[in-house]
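Novice: After the structure tokens below, expect a handful of questions from me.
The values are calculated or read from the model by the stated rules, or taken from the named source; none is laboratory data. Quick caveat, the model's predicted, so the values are computed rather than measured. Cβ sites come from the backbone with ideal geometry, for glycine too, and all protein chains shown count toward neighbours.
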Amino acid sequence: MPDPSTPQATPAEATGYTAIDLRPLADGEGTCAYAVNDAGTIVGESGSRPARWDLDGLPSALPALDGFSGGRGGSVNASGVVAGALYRGEDLHPVRWDPDGRVHGLVLPDGMVSGTAIRINGRGSILGNAMRPGYHSRALRWDPDGEPVCLGTLPGNGETQAHGMNELDEVAGSARDGAGIRAAVRWDRTGKISKLPPPRRATACDINDPGAVLGDGVVWKRDGGTTLLEGDPGFTAGQAVRITGSGAAIGWGVTTDRHATCVRWDAAGRPTRLVPLPSDVATTCFDIDDAGTVVGESVNDGSVRPVHWDAEAIPIPLPSPPGLVAMVAQHINRTGTVIIGYGFDAAGATYRGIAWLRV
């Protein structure tokens, strides 16, 4: 990770956002934010404890079940229901927190020794992955009532891993067959698995509500068609990250001078490079909202700055809150009103979560 640099004041009016420090539950703890909903509820961890923040940056603890030492909130839906995991030694256990903070353990199927919840949708369905002995992964979905659904496997009953879920409970991810060969797959709402057609890829990372599945260099449509995500003379396409409901996708590639570059593709697969801030040389992106605003980082030798790109692909720096050096913007809610990421607290020698609120 690049060393934090000296913060430079950037007026909120110039960036479109104002920065809020996500304060810790106890003095001296680091904080990290993992998800934010359209109401502005932020979830993550403070120290090693699951936490939730309001838009003033004030934290509240998410309670743990008896026998667990810590955990994290990993996803939050529009109703404020949180999905995440608690720690017990080296094992993780998936949990759900109600909006009032009550915690519920999620049942692991027989034979599973550990697991975590990674997504929750508006219905309250929760996506996760569990682990069998020998570190063999199995993709799971929990219905809103907490009942687990083991997602199907390819012939040979190889391991599976889930990465994304839409509002219809359809899931995208990867699976290995009996020979150990990994392929990108889709699961329908009943848990039935299907291997995605050529061009073959090893994994699928996201799925939108119309059923389009995103993989590296390709979007698979529900009707069986595909859209290739190409590069251009200035860069070679690489890893894909997110797809919106309208079919816009983001990811990154490598330029002809060997620097990482963010890319936004439209629904037809046409790329737009997301260039770095002045004096920087590379970019990485992590999330996109429904209007096409992308968040990520702009990088130079020894320094990294948080950035958002507007619908016209113009890079705009994000400011630092008092006392912190903002470094990376990692997530944005669907309406674009809140961005979350992290920065460095030099006085406390810790990393701290940051929320940027649209002004």
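Novice: Of everything in the range 291-338, what is polar (S, T, N, Q) and either in a loop (DSSP other than H, G, I, E, B) or over 29 Å from I120 (Cβ atoms) (or both)? Give them in sequence order.
Specialist: Of everything in the range 291-338, those that are polar (S, T, N, Q) and either in a loop (DSSP other than H, G, I, E, B) or over 29 Å from I120 (Cβ atoms) (or both) turn out to be T293, S298, N300, S303, S320, N333, T335, T337.
Novice: All but one of (1) in contact with a Pro (Cβ under 9 Å, 6 or more places away or on another chain); (2) touching a residue at least 24 places away in the same chain (Cβ under 8 Å) hold for Q161, so report the exception by its number.
Specialist: Exception for Q161: condition (1).
Novice: Going through D289, D232, D266 one at a time, which residue ends up being surrounded by fewer than 20 Cβ atoms within 10 Å (Cβ to Cβ) and either at pLDDT below 95 or under 23 Å from A326 (Cβ atoms) (or both)? Working first, answer last.
Specialist: Working: D289 fails: surrounded by fewer than 20 Cβ atoms within 10 Å (Cβ to Cβ); D266 fails: either at pLDDT below 95 or under 23 Å from A326 (Cβ atoms) (or both).
Among D289, D232, D266, only D232 is surrounded by fewer than 20 Cβ atoms within 10 Å (Cβ to Cβ) and either at pLDDT below 95 or under 23 Å from A326 (Cβ atoms) (or both).
Novice: Return the residues of the range 111-145 that are assigned to a loop (DSSP other than H, G, I, E, B) and either at pLDDT 95 or above or under 16 Å from Y34 (Cβ atoms) (or both); say none if nothing qualifies. First the steps, then the outcome.
Specialist: In the first step, residues of the range 111-145 are kept if they are assigned to a loop (DSSP other than H, G, I, E, B); the result is 111-113, 121-125, 133-135, 143-145.
If the condition is that a residue be assigned to a loop (DSSP other than H, G, I, E, B) and either at pLDDT 95 or above or under 16 Å from Y34 (Cβ atoms) (or both), then N121, G122, R123, G124, S125, D143, P144 are the ones that fit.
Novice: Moving on. Kindly provide the set of residues from the range 48-74 that are of a type outside the set (A, V, I, L, M), in a strand (DSSP E or B) and surrounded by fewer than 14 Cβ atoms within 10 Å (Cβ to Cβ), ordered by number.
Specialist: As a first pass, look at the range 48-74 and keep what is of a type outside the set (A, V, I, L, M): 48-50, 52-54, 56-57, 59-60, 63, 66-74.
If we keep only those that are in a strand (DSSP E or B) as well, we get 49-50, 52-53, 59-60, 70-74.
The answer is S60, and nothing else.
Novice: Can you confirm whether the range 75-89 contains a residue that is surrounded by fewer than 14 Cβ atoms within 10 Å (Cβ to Cβ) and modelled with pLDDT under 95?
Specialist: Taking the range 75-89 and keeping what is surrounded by fewer than 14 Cβ atoms within 10 Å (Cβ to Cβ), we get 89.
Now drop any that are not modelled with pLDDT under 95, which leaves 89.
Within the range 75-89 (the criterion being surrounded by fewer than 14 Cβ atoms within 10 Å (Cβ to Cβ) and modelled with pLDDT under 95), the answer is yes, since at least one residue qualifies.
Novice: Right, another one. Wholly within the range 190-277, which strands (runs of 3 or more DSSP E) include no fewer than the required count, namely at least 2 residues that are without any contact (Cβ under 8 Å) to a residue 24 or more places away in the chain and touching a strand residue (DSSP E or B) at 6+ places or on another chain (Cβ under 7 Å)? Break it down stepwise before answering.
Specialist: On the way: elements: 193-195, 204-207, 213-215, 218-220, 226-228, 235-243, 249-255, 260-265, 271-274.
In the range 190-277, 235-243, 249-255 are the strands (runs of 3 or more DSSP E) which contain 2 or more residues that are without any contact (Cβ under 8 Å) to a residue 24 or more places away in the chain and touching a strand residue (DSSP E or B) at 6+ places or on another chain (Cβ under 7 Å).
Novice: Looking at the range 23-35, is at least one residue surrounded by fewer than 22 Cβ atoms within 10 Å (Cβ to Cβ), within 30 Å of A311 (Cβ to Cβ) and either at pLDDT 95 or above or of a type in the set (A, V, I, L, M) (or both)? Spell out how you get there, then give the answer.
Specialist: Going residue by residue through the range 23-35, those that are surrounded by fewer than 22 Cβ atoms within 10 Å (Cβ to Cβ) are 23-30, 32, 34.
Next, only the ones that are within 30 Å of A311 (Cβ to Cβ) stay: 32, 34.
Now restrict to residues that are either at pLDDT 95 or above or of a type in the set (A, V, I, L, M) (or both): 32, 34.
Within the range 23-35, one or more residues are surrounded by fewer than 22 Cβ atoms within 10 Å (Cβ to Cβ), within 30 Å of A311 (Cβ to Cβ) and either at pLDDT 95 or above or of a type in the set (A, V, I, L, M) (or both).
Novice: I would also like to ask the following. Please name all residue pairs, on different chains or six or more residues apart, with Cβ atoms under 9 Å, provided the first residue is in the range 85-104 and is on the phi > 0 side of the Ramachandran plot and in contact (Cβ under 8 Å) with a residue 12 or more places away in the chain and the second residue is surrounded by fewer than 23 Cβ atoms within 10 Å (Cβ to Cβ) and part of a strand (DSSP E or B).
Specialist: G101/R52; G101/S60; G101/A61
Novice: So, one more: Confirm whether G158 is among the small types (G, A, S), part of a loop (DSSP other than H, G, I, E, B) and modelled with pLDDT of 95 or more. I'd like the intermediate steps shown before the answer.
Specialist: On the way: among the small types (G, A, S): yes; part of a loop (DSSP other than H, G, I, E, B): yes; modelled with pLDDT of 95 or more: no.
Against the criterion (among the small types (G, A, S), part of a loop (DSSP other than H, G, I, E, B) and modelled with pLDDT of 95 or more), G158 does not qualify.
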